[in-house]
Amino acid sequence: DVKVTQSSRYLVKRTGEKVFLECVQDMDHENMFWYRQDPGLGLRLIYFSYDVKMKEKGDIPEGYSVSREKKERFSLILESASTNQTSMYLCASPPGGGFSNQPQHFGDGTRLSIL
Amino acid sequence: LAKTTQPISMDSYEGQEVNITCSHNNIATNDYITWYQQFPSQGPRFIIQGYKTKVTNEVASLFIPADRKSSTLSLPRVSLSDTAVYYCVSGSARQLTFGSGTQLTVLP
């Protein structure tokens, strides 16, 4: 069974801090995604990566960056955290590479609070 | 960009069949329709996926009309443990559009 693991379930940080959210998948998938989930807004795509060191912006990339140095790990970085980045962050990875339409496997999320 | 619309909430009783309908404006030719289930403090879990007509698996059925502008998730004989948020998702690969989710509450 595919496992997508997010390093923290809950995180509290202060405004202006640099924040790292980590995600690891154990099935050698090429594609990995970062979403944020807010009440009434569903899931919105921040960034995705389709290979090591490759990344593309999603719908709401402002204030975020990503890093993918190894195939199994995809990191989301909040360069200077702000209160409007308080949210649930979800990492996902589908089987198949390229433009595969396989369903996403999600981690259990990191609930991030910025004070 | 495709827009996905679904009801905010639905109530049902144990043992009943539940149908949740989603509309997806501007769905593209290559787009698939996928439904996910999410419990509190967990990530979404895949339920079913289809492209057209009807798809059935061990937990649900998915009905997609010929014009593909909507889809209906059907959950047979729901139980209390089916209380969750259900998301309709349209799109392909790297361009997925999530609906805002339907909170299904199953009552005893």
Legend entry - Partners for residue A:70 among aspartates and glutamates (Cα-Cα distance below 20 Å; same-chain residues under 8 apart left out): A:22, A:26, A:28, A:30, A:51, A:56
Inset, instruction - Starting from the Cα-Cα distance between residue A:17 and residue A:80, subtract it from 0.36 nm times their residue separation and give me the gain in nm to one decimal. - result: 22.2 nm
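Are there any trypsin sites (Lys or Arg not before Pro) in the range B:18-108 that are in a DSSP loop and have at most 10 other Cβ atoms within 10 Å? List them by number.
Answer in residue order: B:77.
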Legend entry - Most mobile of B:82, B:31, B:67 in a GNM of chain B (Cα contacts under 10 Å): B:67
Legend entry - Choice from B:65, B:40, B:76 showing the highest fluctuation, given a GNM over chain B with Cα pairs closer than 10 Å: B:40
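Only Lys, Arg, Asp and Glu count, each charged at its Cβ (+1, +1, -1, -1), so figure out the dipole size of the range B:3-107 about its Cα centre, rounded to 20 debye.
400 debye
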Inset, instruction - Go through the range A:20-34 residue by residue and turn each phi into a ³J(HN,Hα) via Karplus (6.51, -1.76, 1.60, θ = phi - 60°); whole Hz please, and just put x for glycine and proline. - result: 10, 10, 10, 9, 10, 10, 10, 10, 6, 6, 7, 8, 9, 9, 10
Inset, instruction - Determine the shielding of peptide A:41-48 by partner chains: average, over its residues, the number of Cβ atoms on other chains within 10 angstrom of each Cβ. - result: 5
Inset, instruction - Counting only heavy atoms of the protein chains, get the accessible area per residue of the protein assembly as shown (1.4 Å probe) and round it to a whole Å² value. - result: 49 Å²
Legend entry - Gain on full stretching of the segment that runs from residue B:25 to residue B:9 - 0.36 nm per residue minus C-alpha separation: 3.7 nm
Legend entry - Note, ³J(HN,Hα) from phi for the range B:63-68, Karplus 6.51, -1.76, 1.60, rounded to Hz, x at Gly and Pro: 10, 10, x, 4, 7, 6
Legend entry - Shape call, the range A:3-47: gyration tensor on alpha carbons, a/c limit 1.5: oblate
Legend entry - FRET efficiency, residue B:103 to residue A:113 (Cβ-Cβ, R0 25 Å, nearest 0.05): 0.60
Inset, instruction - Can you tell me which of B:95-105, A:36-46, A:9-19, A:62-72 comes out highest on packing, and rank the rest after it, using the mean Cβ neighbours within 10 Å? - result: B:95-105, A:36-46, A:62-72, A:9-19
Inset, instruction - List every residue whose amide H lies under 5 Å from the amide H of residue B:47, counting only residues 5 or more places away in sequence or on a different chain, with H placed 1.01 Å from N in the peptide plane. - result: B:35, B:36, B:37
Legend entry - Distance histogram for the protein assembly as shown (every C-alpha pair counted, 5 angstrom bins, percent rounded to whole numbers): 1, 7, 15, 19, 19, 16, 12, 7, 3, 1, 0
Inset, instruction - Have a look at B:85, B:59, B:18 and tell me which one the Gaussian network model of chain B (Cα, springs below 10 Å) gives the largest fluctuation. - result: B:59
Inset, instruction - Take peptide A:101-113, look around each residue's Cβ out to 10 angstrom, count Cβ atoms belonging to other protein chains, and average those counts. - result: 4
Legend entry - Peptide-level mean, for B:40-52, of C-beta atoms on other protein chains within 10 Å: 4
Legend entry - Cross-link pairs A:57/B:3; B:3/B:52; A:55/B:52; B:3/B:69; A:18/A:57 - those with Cα-Cα distance over 21 Å: A:55/B:52
Inset, instruction - Would you mind giving the three semi-axes, in whole Å and largest first, of the ellipsoid equivalent to the range B:3-107 according to its Cα gyration tensor? - result: 22, 15, 12
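The values are calculated or read from the model by the stated rules, or taken from the named source; none is laboratory data. Fair warning: this is a prediction, and the values are worked out from it, not measured in the lab. So basically every Cβ, Gly included, is an ideal-geometry build from the backbone, and we count neighbours across all protein chains shown. These area figures cover heavy atoms from the full protein model, side chains too; ligands, DNA and RNA do not enter into them. Shrake-Rupley method; radii C 1.70, N 1.55, O 1.52, S 1.80 Å.
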